[in-house]
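First up is the structure itself, then whatever we jot down about it.
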Amino acid sequence: MPPLLELTKDLELAIRDLYDVFQKYEFTDRIGDAAFPGYCNVDELHSISLPTATSSQLVLFALKSTTTWGSSQDYRHFLPRICELIAVEGVLGEIDPQIVFGKLPGVSWREWPVPEVECLLKYFGCLWDRSLRSAPSFLGGGIGDPLNTWTEDAAHTWLEVIAVATEDVSPFLSTWQQLLLNDGSLMPHLNLAAVFLDSTINRKGQVPWCYIPHGSAIENEFLSWLRDIQSSVILERAFYRTDGTPYAAILSTAQQRAEWFLT
C-alpha cells in the first residue's frame, strides 16, 4: 500500500461539498449482479457507515457499479466516499480511479443537477492543483539517479484520471501552463519531466496512458500542448534554476528525452 496523500484545504472543502450535495441519494440496490448471484455482498454495503467505509468494502461495487451492479442513484450514493478514498490513497490505491470516473460519461453526469456537476468539477480541479504542486515520487536508486523512473502519482497520470471523466483537458492544461510560467516552485516542472521519464514510454509521440486510446483527440491535444509550450526549453530553463540540487540530473535527462519524444 503506497503512503497516504495529504489533503489540501481546498480538497477537503471540495470533498465536504460532495457529501453535502450527494447525501440525498440512498443505496437501494437489493439485486446484485444477476450473472454472479451471491458474488456481490449487498447486505454489507447496506450495513456500512458511508464516511468510514474502506476501500476494501467499496472496491467491488466501484468496479461493477452502473454496469452489472447498481443504478446511477446507487453510484451517486457512494461517490463522495469513493472520491475521498481516491484523494487519500491516490492512483495506486485499491480503488482504480480511472475505472470509477470512467463511468461518469456513461451515466451522463454533465446532465445531472448543476450543484452536482459543479461539485465534481471543483473536486477534479483540486485534485489537479495538488498534483501539479507535488513532486512525483521515485522508484529506483534515488532522487539523483537520472535514469530513475516515476511512480504513477505524477501529474500526467492524474490528468488521465480526470480526462476519462471530463473528456476535456483544456482547462487543466491551461492551469499547468500558468504554473510553469509563473510559479516559483519547481514542482510543475518536475511533473513535466515525469512525462518524458515515464518508464512505460516505448515510442515517440505516444502518451504513457492506459485508459485514453492512442490517437484519441485527448491524447493529440496533450501532445500538441507539450509541443506548443516548448517542453524542452522549459525543462532546460528549470535545470539552470536547480543550482546543483539533486533535481538537476532529472531535469537534464528529461530535457533530452523531450527533444527525442516530441520530434
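When you look at GLY38, is it assigned to a loop (DSSP other than H, G, I, E, B), touching a Leu at 6+ places or on another chain (Cβ under 8 Å) and modelled with pLDDT under 95, yes or no? Taking the combined requirement at face value, the residue does not satisfy it.
When ILE48 is tested against (1) farther than 24 Å from LEU192 by Cα; (2) in contact (Cβ under 8 Å) with a residue 12 or more places away in the chain, only condition (2) is not met. Among residues belonging to region 46-57 that are modelled with pLDDT under 90 and assigned to a helix (DSSP H, G or I), point out the one that is surrounded by the fewest Cβ atoms within 10 Å (Cβ to Cβ). Filtering region 46-57 for residues that are modelled with pLDDT under 90 and assigned to a helix (DSSP H, G or I), the one surrounded by the fewest Cβ atoms within 10 Å (Cβ to Cβ) comes out as SER47. Any residue at all in region 185-208 that is of a type in the set (Phe, Trp, Tyr), modelled with pLDDT under 95 and outside the structural domain of ASP96 (by TED's automatic domain parsing)? Scanning region 185-208 turns up at least one residue that is of a type in the set (Phe, Trp, Tyr), modelled with pLDDT under 95 and outside the structural domain of ASP96 (by TED's automatic domain parsing).
Results for (1) among the acidic types (Asp, Glu); (2) crowded, with 23+ Cβ neighbours inside 10 Å; (3) at pLDDT 95 or above, shown as yes or no for each residue.
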position: VAL59; (1), (2), (3): no, no, no
position: THR66; (1), (2), (3): no, no, no
position: TRP69; (1), (2), (3): no, yes, no
position: LEU79; (1), (2), (3): no, yes, yes
position: GLY93; (1), (2), (3): no, no, no
position: PRO146; (1), (2), (3): no, no, no
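The values are calculated or read from the model by the stated rules, or taken from the named source; none is laboratory data. None of the values given here were measured: they were computed from a predicted structure. Ideal geometry is used to build each Cβ from the backbone, glycine not excepted, and the neighbour counts take in all protein chains shown.
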